[in-house]
1. Are any residues in the stretch 29-51 free of Cβ contacts under 8 Å to residues at least 40 places away in the same chain and either in contact with a strand residue (DSSP E or B) (Cβ under 7 Å, 6 or more places away or on another chain) or crowded, with 19+ Cβ neighbours inside 10 Å (or both), and if so, which ones?
2. Kindly provide the set of residues from the stretch 7-28 that are surrounded by 14 or more Cβ atoms within 10 Å (Cβ to Cβ) and in contact (Cβ under 8 Å) with a residue 40 or more places away in the chain, ordered by number.
3. On the basis of being outside the structural domain of Leu22 (by TED's automatic domain parsing) and over 30 Å from Lys21 (Cα atoms), does Ile91 make the cut?
4. Does the stretch 80-96 contain at least one residue that is out of contact with any Pro (no Cβ under 8 Å at 6 or more places or on another chain), polar (S, T, N, Q) and surrounded by 19 or more Cβ atoms within 10 Å (Cβ to Cβ)?
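The values are calculated or read from the model by the stated rules, or taken from the named source; none is laboratory data. Just so it is clear, the model here is predicted, and its values are computed rather than measured. Backbone-built Cβ (ideal geometry, glycine too); neighbour counts: all protein chains shown.
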Amino acid sequence: MYSVKENLEELMSNHNLTLTKLSVELGIAYKTISNYINGKYLSGLNTAIKIANYFHCSINYLVGLSDCEEYGNYTDMDNLFLSRYEELLKINKVTHYKVTKNLGLNINISRKWRAGTTPSLAVLTKLANYFGASIDYLIGRNKQ
């Protein structure tokens, strides 16, 4: 698998974009994209969605969870996280408590998911790895 840096650099190269141009095109601060590409942190979910939508790629590809990407158009996030998460719990015969413990997540923060909050991109990445699912699937962002 490739890194965030490699995948984003490849996408930018394929579109003849510099960090500055991408920043202007997306209305995202240069420093945010620079930190993202240099692996200092995973940006927020909304930033990742903006970048993935711009390049017509999956979030999994963008964050380096997949090194192969079929490009295409994706639907907007449809807030299906909780129902998809609960479905994955059932399929994998695991409890919410066990998942949070296995991933080192704070049980109190994860309880907010039941109130409709979508986890951060870093947590979504952990969940996707844990369940063998894509981040796009978890948030209801589907390929058209």
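1. Ile33, Tyr36, Ile37
2. Of everything in the stretch 7-28, those that are surrounded by 14 or more Cβ atoms within 10 Å (Cβ to Cβ) and in contact (Cβ under 8 Å) with a residue 40 or more places away in the chain turn out to be Asn7, Leu8, Leu11.
3. It is true that Ile91 is outside the structural domain of Leu22 (by TED's automatic domain parsing) and over 30 Å from Lys21 (Cα atoms).
4. no
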